[in-house]
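Here the structure comes first, spelled out in structure tokens, and everything after it is commentary.
Quick note: the coordinates plus some simple rules give every number you see, no bench work behind them. Keep in mind that what you see is a predicted model, and the values were worked out from it rather than measured. Using ideal geometry, Cβ is built from the backbone for each residue, glycine included, and neighbour counts are taken over all protein chains shown.
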Amino acid sequence: MLVGGLLIFGLIGAAGVALQQAVRRTVRLGAAVSAGPLRDDPAYAATLRNNFSSITTENELKFEIVQPERGVFSFAAADAIVAFAEQHELEVRGHTLVWHNQLPDWLRDGQFSRDDLLRILREHITTVVGRYQGRIAAWDVVNEAFASDGTLRDNLWLRGIGPEYIRLALRWAHEADPEARLYLNEFGLEFGDPKARGVERAVSELLRDEVPLHGIGFQMHLALDNPPDPVLAAQVMQRFADLGLRTDITEMEVAIQNGAGSEAERIAAQAALFGVIARICAEQPACQLFSVWGVADHYSWLPAHTGRPDAPLLFDERYRPKPAHAAVLRALEGRLARGP
Ligand code: XIL
């Protein structure tokens with residue numbers, strides 16, 4: 001009896017350890033992807049396959065591309081990215097359903113009643129999420145809905161529908177794919193209040209009302225001349241984790257154009273900052289994705305955005321891993337999700 005009891009106890013104990021190891025949290029390494037280079041540049045596709053386990057559509061699922069004319073949907077580019085992901089077993093993040101940028105002219109310039117806008121938004125979300133049901137694991141349902149003071153940003157959706165556009169969008173996305181993880185995606189949360197507190201308040205209300213929301217995306221568009229305080233950034237992440245949300249890093253880059261020192265020094269400082277943020281993610285169980293905004297430096301959006309050359313990503317223009325790549329791997333060590 002006693003022996004049997006010990007035996008059973010021993011077996012359960014061993015199974016417990018094995019289970020713990022099996023469910024040990026891993027972090028996916030992700031990148032934003034464009035259909036053009038994916039099709040035309042074999043080294044781009046190879047770098048993606050060999051190094052990443054999550055991809056985000058950089059532009060291909062934005063409103064202006066998906067619905068260029070009212071009621072006319074165009075999925076060719078997004079389809080190509082999703083097919084690549086399926087072929088290579090990469091998880092896909094759909095970006096993004098509701099945003100103030102990259103809206104088609106018909107929508108931006110149209111004069112719509114509230115009912116019209118509600119219909120437009122519902123049809124858009126239902127069609128896009130429905131098309132990829134079971135194939136896109138996570139959606140940035142609403143992108144950049146908050147202003148820097150933590151209030152809702154003034155945009156077409158807020159003006160035309162009211163603050164409830166956020167919860168409606170989440171509910172419609174959930175109806176279209178009940179399995180998909182749904183996110184609000186924001187920049188600047190890592191700098192703390194007042195924005196972080198405002199988002200936290202809004203999110204608490206959504207959760208109280210059982211609105212389907214599963215994560216906050218920390219975009220993390222960083223620059224060497226303005227790094228966040230890592231202790232504060234980790235605290236903010238913890239506050240959202242305490243609400244039961246995933247706290248993934250969704251769009252990281254580190255601009256080096258405004259950094260101090262030589263190019264080599266800036267590349268080293270970039271690696272250090274990437275490492276600091278990756279460590280915050282590694283130490284936070286709710287952070288299960290560390291994703292960068294582009295595969296290699298020459299495809300970064302930043303030079304077009306700032307008007308100045310830059311090199312903000314993990315691979316250089318010849319697809320060689322940069323010091324930042326090693327720093328991220330070191331920080332995520334032991335946690336990195338098995339590649340594709
Ligand atoms: C950017 C793309 O990378 C560019 O190609 C496009 O011209 C503009 O948008 N935050 C976001 C992303 O959420 O959608 C933006 O992507 C970068 C900033």
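What to note about this one:
- Sum of side-chain charges, VAL82 neighbourhood, beta-carbon under 14 Å (Lys, Arg +1; Asp, Glu -1): -3
- Extension gain from ASN258 to ALA147, taking 0.36 nm per residue of separation minus the Cα-Cα distance: 37.5 nm
- Tail beyond 17 Å, pair distance distribution of the range 208-340 (Cα, percent): 59 percent
- For the chain, the relative contact order comes to 18 percent (Cα pairs under 8 Å, sequence separation of at least 6).
- Label-point gap, in nm, between VAL231 and ARG25 - each point 7 angstrom along Cα→Cβ: 2.2 nm
- Mean-position separation - Cα centroids, the range 95-127 and the range 281-340, in angstrom: 32 Å
- Taken as Cα centroids, the range 52-75 and the range 133-178 sit 16 Å apart, rounded to the nearest whole angstrom.
- Per residue of the chain, the DSSP helices (runs of n ≥ 4 H) give a summed -39500 (n - 2.57) that works out to -14000 deg cm²/dmol at 222 nm.
- Stretched out straight at 0.36 nm per residue, the stretch from ALA76 to THR127 would grow longer than its current Cα-Cα span by 16.9 nm.
- Both radii are taken from the alpha-carbon atoms of the chain; with Rh as the Kirkwood radius, Rg/Rh is 1.00.
- Extension reserve of the ARG159-LEU329 stretch, reckoned as 0.36 nm per residue once the Cα distance is removed: 56.9 nm
- With both residues required to sit in the chain, DSSP beta bridges show an antiparallel share near 10%.
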